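Enquirer: Okay, here's the structure, questions in a sec.
The values are calculated or read from the model by the stated rules, or taken from the named source; none is laboratory data. Keep in mind it's a predicted model, so treat the numbers as computed, not measured. Cβ placement follows ideal geometry from the backbone for every residue including glycine, while neighbour counts extend to all protein chains displayed.
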């Protein structure tokens, strides 16, 4: 009986901790690319190019994709549906563009968990032929999943870094 009380107390402590924890996940990974900001921006603003460097887009070559609007413009929507549990289903929409500076998306996940997050790229010209590129992701963590926030941040951060390394390889060819 004492073991049951201890187990219940531990569960209560975990749930109270999750209720009090910050429920927002924020990840930013940065890489330097030896190309002018305009060239990097013009490649990144085309959402379809994510198929070439995003680990999530490349994880399932058979995923169903749909596009609405003109790629590289505000309002363009890309939706995906994959049977791969690491890819799931959702929609990404370009919300704002700032020439050679930033690209902002809203990402609406429908599977494996419903959630809405923001993501995008921030570019900073370091020299005429060098650009710092940050891939950012911000979104809420659903209670009690926020208990595993640091694990998710580490996992997603690794994927963003891999994608940035892929991007660097493509643009510096």
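Enquirer: What are the residues in segment 29-46 that are farther than 17 Å from residue 101 by Cβ and assigned to a helix (DSSP H, G or I), if any? Spell out how you get there, then give the answer.
Expert: The initial filter retains those residues of segment 29-46 that are farther than 17 Å from residue 101 by Cβ, namely 29, 34.
Passing the criteria: none in range.
Enquirer: While we're here: Just the residues that are in contact with a helix residue (DSSP H, G or I) (Cβ under 6 Å, 6 or more places away or on another chain) and buried (at least 17 other Cβ atoms within 10 Å of the Cβ), please, taken from segment 116-128.
Expert: Across segment 116-128, the qualifying residues are 121, 123.
Enquirer: Also, I was wondering about something else. Restricting segment 129-150 to residues that are more than 27 Å from residue 91 (Cβ to Cβ) and modelled with pLDDT under 95, which is surrounded by the fewest Cβ atoms within 10 Å (Cβ to Cβ)?
Expert: Residue satisfying both the conditions and the ranking: 150.
Enquirer: What are the residue pairs meeting all of these: first residue in segment 78-100, first residue on the phi > 0 side of the Ramachandran plot and touching a residue at least 24 places away in the same chain (Cβ under 8 Å), second residue buried (at least 17 other Cβ atoms within 10 Å of the Cβ) and outside any loop (DSSP other than H, G, I, E, B), Cβ atoms under 6 Å, and 6 or more apart or on different chains?
Expert: Listed pairs, sorted by first residue: 100/37; 100/41.
Enquirer: Could you check segment 56-75 and list, in sequence order, the residues that are at pLDDT 95 or above and under 24 Å from residue 168 (Cα atoms)?
Expert: Correct list: 71, 72, 73.
Enquirer: Now, a different point. Of the residues that make up segment 60-73, is at least one more than 15 Å from the chain's Cα centre (by Cα), without any contact (Cβ under 8 Å) to a residue 60 or more places away in the chain, within 18 Å of residue 135 (Cα to Cα) and not in a strand (DSSP E or B)? Lay out the reasoning, then the answer.
Expert: Restricting attention to segment 60-73, the residues satisfying the condition of being more than 15 Å from the chain's Cα centre (by Cα) are 60-73.
Add one more test, that the residue is without any contact (Cβ under 8 Å) to a residue 60 or more places away in the chain, and what stays is 60-73.
Imposing the further condition that a residue be within 18 Å of residue 135 (Cα to Cα) reduces the set to 72.
Next, from what is left, pick out any that are not in a strand (DSSP E or B): 72.
Yes: segment 60-73 contains one or more residues that are more than 15 Å from the chain's Cα centre (by Cα), without any contact (Cβ under 8 Å) to a residue 60 or more places away in the chain, within 18 Å of residue 135 (Cα to Cα) and not in a strand (DSSP E or B).
Enquirer: Another one. Would you say residue 85 is at pLDDT below 95 and over 23 Å from residue 171 (Cα atoms)?
Expert: Details: at pLDDT below 95: yes; over 23 Å from residue 171 (Cα atoms): yes.
Yes, satisfied.
Enquirer: Which of the residues belonging to segment 74-115 are in a loop (DSSP other than H, G, I, E, B) and surrounded by fewer than 16 Cβ atoms within 10 Å (Cβ to Cβ)?
Expert: If the condition is that a residue be in a loop (DSSP other than H, G, I, E, B) and surrounded by fewer than 16 Cβ atoms within 10 Å (Cβ to Cβ), then 74, 75, 83, 84, 85, 86, 99, 101, 112, 113, 114 are the ones that fit.
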